[in-house]
Amino acid sequence: MSAPNNTSPTDLPRCGLLRRLMAILYDTMLLVAVLLFASLLATPFLGEQPSPLAMVIYRVYLVLVIFFFFAWFWSHGGQTLGMTAWRIRLINSRPGPLSLWQLLLRFLAAIASWLVLGLGFIWSLFDRDGLTWHDRYSMTELVVLPKKTRK
């Protein structure tokens, strides 16, 4: 049985950087497929010579697809498929379920963490609690779930 989304942060160990990066690698492969499908849906609306405005709208559309990909998984069990494979769960640092606002803050802060050459992720190696910038900013964290025992 898996732990609920509002598990106390003290009950489970926090996720380390390498495990995070491996889950991101898995999720990136899945996300590429999702983005290819999303692009296929948008292609008829772009035409052969899309205008600059159409390209801006297309890019915003793709960012929204990425956000909804993560937000849906995070709000439905706290795990993407990559996180499930690596036994990681996103939890609220405060009591209660994750809010859509926290998910949006986490998503935007994670982008910022990548844009500065991954410094927001590397920060977790020096942070007293092992948290990234987006963990702190969104008041969420990643924890490692225990291995399931076979019967």
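Accessible surface for residue 135 stands near 0 Å², nearest 10, in the context of the full protein assembly shown (1.4 Å probe). As a length-normalised measure over Cα pairs under 8 Å and 6 or more apart, the relative contact order of the chain settles at 34 percent.
Taking the chain as the reference, fit the longest principal axis to its C-alpha atoms, fit the long axis of helix 17-46 to the helix C-alpha atoms, and give the angle between the two in degrees, 0 to 90, nearest 10. The two axes meet at around 20 degrees. Legend: residues 40, 119, sorted from most to least accessible area (1.4 Å probe; ligands, DNA and RNA excluded), read 40, 119.
The values are calculated or read from the model by the stated rules, or taken from the named source; none is laboratory data. Remember, predicted model here, so these are calculated numbers, not experimental data. What goes into the accessible areas is simple: the full protein's heavy atoms, side chains included, and nothing from ligands, DNA or RNA. Shrake-Rupley method; radii C 1.70, N 1.55, O 1.52, S 1.80 Å.
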